[in-house]
């Protein structure tokens, strides 16, 4: 059997890789975000002397330790599957990023050692709390560095550097590495925060003891501050990332924004709309239980909820009636029927900017009320269901974002790439040195290796 032609019966090797990678990311993103949230919470507990921060940090650290083995097993399984099913591609990728993979392996090892040490010496360092807090933050730092290494590889696959493939620094710091890394850094906090809020809500609904109800009510609030607080940063970061894709891999950008896969962006905005509206509704409800009555803040939050719904509506209106052509979901003539309010400019920009500004306003109102304190354990059931909805939706958001980025390289399968303009899905190398290109006259993109025009150039 020729190298690289091994396949998986029925489902195919692409599905196997997709399932393994997506599962691993769901574990890894939570671990990175949770370690940093737990470390920050432990520090706040040390400074404020509030025991709930210490209880929360230790419980979250215990969960991370239990979860780590599963995430690591998925990572190893994914690498083995990639070597087996895509040997030509992996060999090429390893040659380009040998030092990046080498550093990532040591960062991963360092994270394992520090995370387990951090949890196991919790009691032993009870009287040296500052040192113990440093352990947690260092564990988070190692996780971030490991993520940064992988982001360099992932971004290169979609936007290969306009330089020789042997240029380690340039291939790592390719055109979208920084915005992708920022996007995932912020996303890890938001993802972990929403999941923590959802778990706190679930435990609140099942608790009968007053002390537990107060604690889990606070946990839902604390998780949502992280989840929503970092979510509202994503529109501007996501815009920067998309701009980098458009300039470096125009055909890939057209696939996910203007082509048959453009419905993925609308689906993503639906998830963001659900999380934003549910979070804002929770904030409005919670303002009823401030220690010091703040009716004016609550009325402002109710108004902000209305603007949130308006701006989210602008984001989810499609550009035409060709919604999901892959399953025949079209109406009124399909792509020939244009919907004016669905245009990217100016309506989508207005929607994204407006959503971010209103989000900052709502967060500021809520943090202002948080400074005076809340009466815990009195939240309604529907407010806890809102938190659970956010937790479920953020998982769907992660899956949708991952699929959107990876499907962009398929360029509507004409052809599909493992590395854009370099290696196809069939592991055929179309550019041995990957797209090392420069701008020619009239904006034409020229391969610096052979002088030929690069496909997809403008």
Exercise. Is it true that some residue in the stretch 54-67 is modelled with pLDDT under 90, assigned to a helix (DSSP H, G or I), closer than 28 Å to residue 212 by Cβ and touching a helix residue (DSSP H, G or I) at 6+ places or on another chain (Cβ under 9 Å)?
Worked result: no
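Looking at the stretch 98-111, can you tell me whether even one residue there is in the same structural domain as residue 165 (by TED's automatic domain parsing) and over 16 Å from residue 143 (Cα atoms)?
First pass over the stretch 98-111, keeping only residues in the same structural domain as residue 165 (by TED's automatic domain parsing): 98-111.
Narrowing further to those that are over 16 Å from residue 143 (Cα atoms): 98-99.
Yes: the stretch 98-111 contains one or more residues that are in the same structural domain as residue 165 (by TED's automatic domain parsing) and over 16 Å from residue 143 (Cα atoms).
Residues are listed down the side, and each one gets a yes or a no for (1) under 15 Å from residue 277 (Cα atoms); (2) out of contact with any helix residue (DSSP H, G or I) (no Cβ under 9 Å at 6 or more places or on another chain); (3) not in a helix (DSSP H, G or I):
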residue: 347; (1), (2), (3): no, no, no
residue: 356; (1), (2), (3): yes, no, no
residue: 359; (1), (2), (3): yes, no, no
residue: 362; (1), (2), (3): yes, no, no
residue: 372; (1), (2), (3): no, yes, yes
residue: 376; (1), (2), (3): no, no, yes
residue: 384; (1), (2), (3): yes, no, no
residue: 388; (1), (2), (3): yes, no, no
residue: 392; (1), (2), (3): yes, no, no
Problem set entry | Test: residue 36 is at pLDDT 95 or above, more than 16 Å from the chain's Cα centre (by Cα) and under 19 Å from residue 221 (Cα atoms) | no
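Part of a helix (DSSP H, G or I), farther than 22 Å from residue 399 by Cβ, at pLDDT below 95 and outside the structural domain of residue 220 (by TED's automatic domain parsing): is that true of residue 80 in this structure?
Numbers: part of a helix (DSSP H, G or I): yes; farther than 22 Å from residue 399 by Cβ: yes; at pLDDT below 95: yes; outside the structural domain of residue 220 (by TED's automatic domain parsing): yes.
Answer is yes for this residue.
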Problem set entry | Test set (1) under 19 Å from residue 398 (Cβ atoms); (2) without any contact (Cβ under 8 Å) to a residue 24 or more places away in the chain; (3) crowded, with 21+ Cβ neighbours inside 10 Å - residue 198 fails condition number | (2)
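With respect to residue 64, is the statement that it is without any contact (Cβ under 8 Å) to a residue 24 or more places away in the chain and not assigned by TED's automatic domain parsing to the domain that holds residue 229 true?
In short, no.
Could you pull out the residue among 295, 211 that is without any contact (Cβ under 8 Å) to a residue 24 or more places away in the chain, out of contact with any strand residue (DSSP E or B) (no Cβ under 9 Å at 6 or more places or on another chain) and under 23 Å from residue 193 (Cα atoms)?
Values: 295 fails: under 23 Å from residue 193 (Cα atoms).
Step by step, each of 295, 211 is checked, and only 211 is without any contact (Cβ under 8 Å) to a residue 24 or more places away in the chain, out of contact with any strand residue (DSSP E or B) (no Cβ under 9 Å at 6 or more places or on another chain) and under 23 Å from residue 193 (Cα atoms).
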For this session: Would you check which residues across the stretch 394-423 are buried (at least 17 other Cβ atoms within 10 Å of the Cβ) and outside any helix (DSSP H, G or I) and list them?
Result: 409, 410, 417, 418, 419, 420, 421, 422, 423
For this session: For residue 105, state whether it is free of Cβ contacts under 8 Å to residues at least 24 places away in the same chain and not in a helix (DSSP H, G or I).
Result: no
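The values are calculated or read from the model by the stated rules, or taken from the named source; none is laboratory data. Every value quoted in this text rests on a predicted model; they were computed, and no experiment measured them. Note that we place each Cβ from the backbone using ideal geometry, even for glycine, and neighbour counts take in every protein chain shown.
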